[in-house]
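Asker: Dropping the structure in here first, questions after.
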């Protein structure tokens, strides 16, 4: 980079540009935002991504389908299980394999647990973004309990690697049901405490209400999905629209708001935690007996064609688009990651607000940077 | 009128129990003063006294700073279901000392294009401001460095000087985050100084004096927070809020807002210079808490309930210094509790809170208080 | 008048919501029983990992220093990131036949992502996960491990 | 609308389209020249109302470079896949749809970054992940001896 000559700029065009990131406490990873300020007011935001671009799509082209699953863990590492499930579902759909009910139910429970722990972590970080550091520890304290459940059954805490084409790597641990039930009982008591600490707080209301409004039309146009999109009234819950696994046999509400501000993005996630607990409670006692995996061929070859599978991760719609040419490696894999689209809306909604609001809005979008960069 | 009260109280009468005599530090300080006068000329006496007091305050300063850092870490840890420091020494009590050594040995990173003189000056201004304020605080009867007749005003004036250091630090660091932090801090202190002053004036109206020792003496038969009905209580709450803001502590820590400005005005500081800012923050907290304790909670005066003689005697038996420290730490605990519970305010909300809520309430409060005092309705 | 009432109501409700928050943190402050901190290095003895915990890949040997690895190389094929390298040799069995056998099963812990594909796909169940989780070493070369012990042999009856 | 109706509708509004019923979605292959017009019509026509572009994929087919658009209507819940390809590897140029669906802004930048397909009328066509001196890694003829290790 050569140094630029300094040219005097007229007053009204002068910008106070700050680099938020790549190392910044509130960008949750190595996201760099080039923020132009006027006083405290944000005039323009340019996101610079790619600091942890790992070329997962390129790597997938030289890997087998079984191996791809374990790469997807590293994309959205907070909802790793759901990413795995997306690839598995895509492969199973392409091969037209019939999956046992047991697998479907376990996958659903695991997905919902993943969603719960992801929202807990988000709540923790969102509280911290707004300056309430205690939230962080409460959120992580409760998240540990889910991670323990994961560790007991899957052997990994965050990066679970529990799915494989045709089912699961291993059966659930004998303690699984008891632990999950204990956790739900515990968390139903704790979640109102979250509300007392943050949701009802007058400072929190002031900080979030009416901040970063996103209309439904913009949400659709920008492809903003997940709780962020649903807070704007964009009905985009894949679990409802294209039910996969066992979502068609459970009763749950799609959380929809119309306001679309930071506060409602927050409330949408809190409500989703309640819904996730409802879903788990409906399924945990009714795990059908049966195999935990279907016997698959050692080398999986998808028939030639294009396959698209959408799932609902904790942050929105994850799409796995596989173009197969009949070989054991895919011809092209595209991951339509929710955070990528959610990031693109940041400039649109945070313009005109203050720096502190930018942090709050960024927190409410719940960005996971490796998922943006892939 | 004022000298009379002081004179009256400094001469111990025989009917007073022995511990009250022991707990009065004025004979001791007077004796030191007299013996120094006998030994040397008045000029050198003053110099020696200044030196002794300076060293004592410095020691006290360092000890309080270290303890408060430890206390804050423990308090926040317990609120967050953690243990806090627990490695260095029993219950981690030497953790802050270890941190101090770490900070002492850390490299002072020179900043490119920074204004070197101001950059180095800023931490000293911040620490001197808090250092000066501590001089006027009465720790026990007869135990303060200087008993100014405008003590309250002096403390407000001096503690507000710290913001100059913050502004200088932000401006001279050649860092955009620091500058935003400093500007925020400037706006914040200018506004909240008003509330602090008005809240104290409410009590000054009641006490009829700005001299801190007189204010404490006036609370012999009841603390002002109880004596002054609701206005005194409101003034206490307002003082608590605005002094939290004045010390740049959460939820008003916008100047260093970690999640927005990384570390605000002290982003570029390292080593001992950073330690100065860090220490000054805690000492400022200590100062505003001790002012709150002195003005509202009766300073070193023990807690008395009228007609409960036995209870009052037991209360009298506790040394005044303990009373003073206890009250101060109660206020400090409240401030820590605030910090570790609430999310941070935004800059415009911070100013809204001051100009739209605290200031009107305060002004009305002062009026009400003046009226109460005029009518003699207080206890 | 109404605006004044609203103004006061706003203040009182605001303060009330703040007090509710303070109740939560305060209640935890006075209940040290809820502390969840683990004093890690000193509680090593009673720190038991779950039996499925994926610490590192090991090759279990029995007391006769025998393992089950035939050196087929399926784990090497299945590994997504080239963690495993198998160096095989040819041995002559008792009945005079030439046979492929394992010389070195090299496992690079630093590259492993603990996906468990090698353990799951091994046809003779020669690999397993250990519960060890303290992997920090001072030299990167120490992370390259040879899983079969020196002088070990294939267990009888494993093909 | 179901797949057949959709296909017939698209045939009625655009010529030179090749319509294939895929396993999942209706796949419509168009030439780059009419892509923008068709996309605009699909978005604006009341009967189709494809207001949600949920995936935009750039593909290197070996010879051709192509882009695949997955469109969905949030009202009717039907999906269509638009495909287009260009054989000009040196200077592939397509029309940007960023003014129809704002999400295409970032997605097209990603495609430009990884495959080198340029988009006309894109508001801010810069590289997204990689720096300017880098090649286009998702192309099949991309070689990188340092960063790509093969066994």
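Asker: Given the criterion away from chain D (no Cβ under 14 Å), surrounded by fewer than 19 Cβ atoms within 10 Å (Cβ to Cβ) and in contact with a helix residue (DSSP H, G or I) (Cβ under 8 Å, 6 or more places away or on another chain), identify the matching residue among A:259, A:272. Before you say what the answer is, go through the steps one by one.
Answerer: Details: A:272 fails: surrounded by fewer than 19 Cβ atoms within 10 Å (Cβ to Cβ).
Unique residue meeting the criteria: A:259.
Asker: Another question, if that's okay. Checking residue A:90 against (1) touching a strand residue (DSSP E or B) at 6+ places or on another chain (Cβ under 9 Å); (2) closer than 14 Å to residue A:162 by Cα: exactly one of these is not met. Which one?
Answerer: (2)
Asker: Still on this structure, please answer the following. From A:311, A:359, grab the single residue that is over 18 Å from the mean Cα position of the chain (by Cα), closer than 30 Å to residue A:48 by Cα and more than 10 Å from chain D (Cβ to nearest Cβ). Even if it seems obvious, please write down each step before you answer.
Answerer: Working: A:311 fails: over 18 Å from the mean Cα position of the chain (by Cα).
Of A:311, A:359, the one residue that is over 18 Å from the mean Cα position of the chain (by Cα), closer than 30 Å to residue A:48 by Cα and more than 10 Å from chain D (Cβ to nearest Cβ) is A:359.
Asker: Right, next: Which number in (1) away from chain D (no Cβ under 13 Å); (2) touching a residue at least 60 places away in the same chain (Cβ under 8 Å); (3) more than 18 Å from residue A:236 (Cβ to Cβ) marks the one condition that residue A:298 misses?
Answerer: (2)
Asker: Another question, then. With the condition kept exactly as written, say whether any residue in the stretch B:302-315 is in a loop (DSSP other than H, G, I, E, B) and in contact with a strand residue (DSSP E or B) (Cβ under 9 Å, 6 or more places away or on another chain).
Answerer: no
Asker: Across the stretch A:16-57, which residue is surrounded by the most Cβ atoms within 10 Å (Cβ to Cβ) among those that are more than 11 Å from every other protein chain (Cβ to nearest Cβ) and more than 21 Å from residue D:131 (Cβ to Cβ)?
Answerer: Within the stretch A:16-57, the match that is surrounded by the most Cβ atoms within 10 Å (Cβ to Cβ) is A:42.
Asker: Right, next: Being closer than 23 Å to residue C:153 by Cα and within 14 Å of chain A (Cβ to nearest Cβ) narrows it down to one of C:85, C:76, C:63, C:94, so name that one.
Answerer: Among C:85, C:76, C:63, C:94, only C:76 is closer than 23 Å to residue C:153 by Cα and within 14 Å of chain A (Cβ to nearest Cβ).
Asker: Can you tell me which of (1) modelled with pLDDT of 80 or more; (2) more than 14 Å from every other protein chain (Cβ to nearest Cβ) is the one residue B:300 doesn't meet?
Answerer: Here residue B:300 clears every test but (1).
Asker: Here's another thing I want to ask about it. Return a yes/no flag: does the stretch A:208-219 have any residue that is over 30 Å from residue D:77 (Cβ atoms) and in a helix (DSSP H, G or I).
Answerer: yes
Asker: Can I ask one more? Whether any residue in the stretch C:20-34 is surrounded by fewer than 18 Cβ atoms within 10 Å (Cβ to Cβ) and farther than 30 Å from residue B:241 by Cβ is what I want to check.
Answerer: yes
Asker: In addition: Hey, any hits in the stretch B:154-161 for a residue that's crowded, with 23+ Cβ neighbours inside 10 Å and either within 14 Å of chain A (Cβ to nearest Cβ) or within 18 Å of the chain's Cα centre (by Cα) (or both)? Before you say what the answer is, go through the steps one by one.
Answerer: Taking the stretch B:154-161 and keeping what is crowded, with 23+ Cβ neighbours inside 10 Å, we get B:155, B:159.
Filter once more, so that each one left must be either within 14 Å of chain A (Cβ to nearest Cβ) or within 18 Å of the chain's Cα centre (by Cα) (or both): B:155, B:159.
Yes; the residues of the stretch B:154-161 include at least one that is crowded, with 23+ Cβ neighbours inside 10 Å and either within 14 Å of chain A (Cβ to nearest Cβ) or within 18 Å of the chain's Cα centre (by Cα) (or both).
Asker: Condition check: surrounded by fewer than 24 Cβ atoms within 10 Å (Cβ to Cβ) and either assigned to a loop (DSSP other than H, G, I, E, B) or at positive phi (or both). Does residue A:148 satisfy that?
Answerer: Spelling it out, it is not the case that residue A:148 is surrounded by fewer than 24 Cβ atoms within 10 Å (Cβ to Cβ) and either assigned to a loop (DSSP other than H, G, I, E, B) or at positive phi (or both).
Asker: Being assigned to a loop (DSSP other than H, G, I, E, B), facing chain A (nearest Cβ under 10 Å) and within 17 Å of the chain's Cα centre (by Cα) is the filter here, so list the residues in the stretch D:100-127 that pass it.
Answerer: D:100, D:101, D:102, D:103
Asker: Ok, one more. Considering only residues that are buried (at least 24 other Cβ atoms within 10 Å of the Cβ) and more than 14 Å from chain A (Cβ to nearest Cβ), look in the stretch B:239-268 and name the one that is nearest to residue A:204 (Cα to Cα).
Answerer: The selected residue is B:242.
Asker: Filter the stretch C:142-154 down to residues that are more than 11 Å from residue C:59 (Cβ to Cβ) and part of a loop (DSSP other than H, G, I, E, B), then give me how many there are.
Answerer: 2
Asker: Could you list, in sequence order, the residues of the stretch C:104-144 that are in contact with a helix residue (DSSP H, G or I) (Cβ under 8 Å, 6 or more places away or on another chain) and surrounded by fewer than 16 Cβ atoms within 10 Å (Cβ to Cβ)?
Answerer: Passing the criteria: C:110, C:123, C:128, C:135, C:137, C:140, C:144.
Asker: Name the strands (runs of 3 or more DSSP E) wholly within the stretch C:31-128 that hold at least 2 residues that are under 22 Å from residue A:158 (Cβ atoms) and within 15 Å of the chain's Cα centre (by Cα)? Lay out the reasoning, then the answer.
Answerer: Details: elements: C:56-58, C:84-92, C:98-108.
Of the strands (runs of 3 or more DSSP E) lying wholly inside the stretch C:31-128, those with at least 2 residues that are under 22 Å from residue A:158 (Cβ atoms) and within 15 Å of the chain's Cα centre (by Cα) span C:56-58.
Asker: In the stretch A:220-238, what residues are more than 9 Å from chain D (Cβ to nearest Cβ), part of a loop (DSSP other than H, G, I, E, B), crowded, with 24+ Cβ neighbours inside 10 Å and more than 14 Å from the chain's Cα centre (by Cα)?
Answerer: Filtering the stretch A:220-238 for residues more than 9 Å from chain D (Cβ to nearest Cβ) gives A:226-233, A:237-238.
Applying the additional criterion that residues be part of a loop (DSSP other than H, G, I, E, B) yields A:232-233, A:237.
Within this subset, residues satisfying the condition of being crowded, with 24+ Cβ neighbours inside 10 Å are A:232, A:237.
Result: A:232, single match.
Asker: To continue, here is another question. Quick check: is even one residue across the stretch D:133-150 buried (at least 21 other Cβ atoms within 10 Å of the Cβ), within 13 Å of chain A (Cβ to nearest Cβ), touching a helix residue (DSSP H, G or I) at 6+ places or on another chain (Cβ under 9 Å) and in contact (Cβ under 8 Å) with a residue 40 or more places away in the chain?
Answerer: Yes: one or more hits.
Asker: May I pose another question? Within the stretch A:180-198, can you find the residues that are surrounded by 13 or more Cβ atoms within 10 Å (Cβ to Cβ) and within 14 Å of another protein chain (Cβ to nearest Cβ)?
Answerer: A:190, A:191, A:193, A:194, A:195, A:196, A:197, A:198
Asker: Would you confirm whether any residue within the stretch B:363-373 is within 14 Å of chain A (Cβ to nearest Cβ) and surrounded by 19 or more Cβ atoms within 10 Å (Cβ to Cβ)? Break it down into steps so the answer makes sense when it comes.
Answerer: Just the residues of the stretch B:363-373 that are within 14 Å of chain A (Cβ to nearest Cβ), to begin with: none.
Within the stretch B:363-373 (the criterion being within 14 Å of chain A (Cβ to nearest Cβ) and surrounded by 19 or more Cβ atoms within 10 Å (Cβ to Cβ)), the answer is no, since none of the residues qualifies.
Asker: Given the conditions (1) surrounded by fewer than 20 Cβ atoms within 10 Å (Cβ to Cβ); (2) in contact (Cβ under 8 Å) with a residue 24 or more places away in the chain; (3) more than 30 Å from residue B:114 (Cβ to Cβ), which single one is not true for residue B:187?
Answerer: (3)
The values are calculated or read from the model by the stated rules, or taken from the named source; none is laboratory data. The model shown is predicted, which means the values in this text are computed figures rather than measured ones. Quick reminder, even Gly has a Cβ in these numbers, built from the backbone with ideal geometry, and neighbours come from all protein chains shown.
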